[in-house]
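**Student:** Got a structure here, written out as structure tokens. Questions coming.
The values are calculated or read from the model by the stated rules, or taken from the named source; none is laboratory data. Predicted model only: the values in this text are computed from it and were never measured. In this analysis, Cβ positions are derived from the backbone assuming ideal geometry, glycine residues included, and neighbour counts consider all displayed protein chains. Calculation scope for accessible area: heavy atoms of the full protein, side chains included, ligands and nucleic acids excluded. Shrake-Rupley method; radii C 1.70, N 1.55, O 1.52, S 1.80 Å.
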Amino acid sequence: MQSVSDSLGWALLFCPGDRPERFAKAGEAADIAVLDLEDGVAAARKDFAREAVTAHLSANGADGYAVRINLPMTDRGRADAEAVGNAGVRLLLMPKTESVDELDVVANATRCELIATIETTRGLLAVEAIAAHPAVAAVSWGPYDLAADLGMRGVRDEAGALLSPLSYARSRMLIAAAAARKVALDTVTAELKDPAVIERDATEGALMGFRGKFAIHPAQVGPIRRAYRPTQAEVERSRRLLASIDGRGVFLFEGEMVDEPMIRRARAIVASATMIE
């Protein structure tokens, strides 16, 4: 069976689990709609949210959807995983992941693949083991919970860049995912007033090697896709490069010396382009 990570796409849009009237629109707007049972839902409405998400998935199918469950070591989190797993969802988003034990609980109870989210200092210190877990298809992170855990008074500096502890966490998570050969997904951008912030975050994440990014508003999907999709010029040049290999290990191509790392990058660009065609 093909891993769901092979079709994650670029833009993953959160949708509150207690707003069923928005589910279909979120699914149409993004590559993956993440129906949220955790932070996006008030405590008093969490049972309703689980019922609404389960009913929607059962009636409409789970393709194009993921579900963020509550903490898996709680009764509510385990009930979430069981209910949406039985409804057919194949991809679960794990909040505030801190240990492989949490992953084991969900992996043993469902047949779902998992996106582990690093949102605490304990999770960051365990990120290598978390990323290597066999049930984990992708790894992401969350700066806002992590900043609170660190006691930080802010997330960005005056220029809008992530403060250094959070920049470190982002890079460490990315490296851990790459070492485990897992997909790395960049976090949400909560700042909605300035469109330049989401464009900068998305462009930077794509350059760093992330495979996609979470969104909290449909207006963010376009900038994310533009940042992560290769340009037509990049695709055409990569195809010309691959057609020129002819068994050579190192060769000159259009004024640039090319070796195996550049060939791998060209293959990745062409593979990414097939998601558009």
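**Student:** Out of the strands (runs of 3 or more DSSP E) lying entirely within region 160-277, which hold 1 or more residues that are within 30 Å of Leu35 (Cβ to Cβ) and touching a residue at least 24 places away in the same chain (Cβ under 8 Å)?
**Tutor:** Details: elements: 183-186, 212-215, 251-253, 256-258.
Strands (runs of 3 or more DSSP E) meeting the threshold: 183-186, 212-215.
**Student:** Can you go through Ser58, Ser5 and tell me which one is small (Gly, Ala, Ser) and modelled with pLDDT under 95?
**Tutor:** On the way: Ser58 fails: modelled with pLDDT under 95.
After ruling out the rest, the residue left standing is Ser5.
**Student:** Every residue in region 227-256 that is touching a strand residue (DSSP E or B) at 6+ places or on another chain (Cβ under 7 Å) and surrounded by fewer than 17 Cβ atoms within 10 Å (Cβ to Cβ), please. Spell out how you get there, then give the answer.
**Tutor:** To start, the set of residues in region 227-256 that are touching a strand residue (DSSP E or B) at 6+ places or on another chain (Cβ under 7 Å) comprises 228, 241, 244, 250-251.
Scanning region 227-256 gives Ser244, Val250, Phe251.
**Student:** Considering only region 173-208, how many residues are of a type in the set (A, V, I, L, M, F, W, C) and over 20 Å from Arg265 (Cα atoms)? Don't jump to the end; show me each part of the working.
**Tutor:** At the first step, the residues of region 173-208 found to be of a type in the set (A, V, I, L, M, F, W, C) are 173-180, 183-185, 188, 190, 192, 196-198, 202, 206-208.
Filter again for over 20 Å from Arg265 (Cα atoms), leaving 173, 188, 190, 192, 196-198.
Looking only at that region, the number is 7.
**Student:** Arg200: closer than 21 Å to Leu93 by Cα, open to solvent by 50 Å² or more (accessible area, probe 1.4 Å) and among the charged types (D, E, K, R), yes or no? Spell out the reasoning first.
**Tutor:** Numbers: closer than 21 Å to Leu93 by Cα: no; open to solvent by 50 Å² or more (accessible area, probe 1.4 Å): yes; among the charged types (D, E, K, R): yes.
So Arg200 does not fit the description; no.
**Student:** Tally time: how many residues in region 257-277 are open to solvent by 70 Å² or more (accessible area, probe 1.4 Å), at pLDDT 80 or above and among the charged types (D, E, K, R)?
**Tutor:** The number of residues fulfilling the criteria is 4.
The rows are residues; the columns are (1) open to solvent by less than 20 Å² (accessible area, probe 1.4 Å); (2) of a type outside the set (Ser, Thr, Tyr).
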site: Leu114; (1), (2): yes, yes
site: Ala138; (1), (2): yes, yes
site: Asp145; (1), (2): no, yes
site: Ser167; (1), (2): no, no
site: Ala176; (1), (2): yes, yes
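**Student:** Mind checking which pairs have a first residue in region 38-51 that is open to solvent by 80 Å² or more (accessible area, probe 1.4 Å) and a second that is at pLDDT 95 or above and not basic (Lys, Arg), Cβ under 7 Å, 6 or more apart or different chains?
**Tutor:** Arg45/Asp18; Phe48/Asp18
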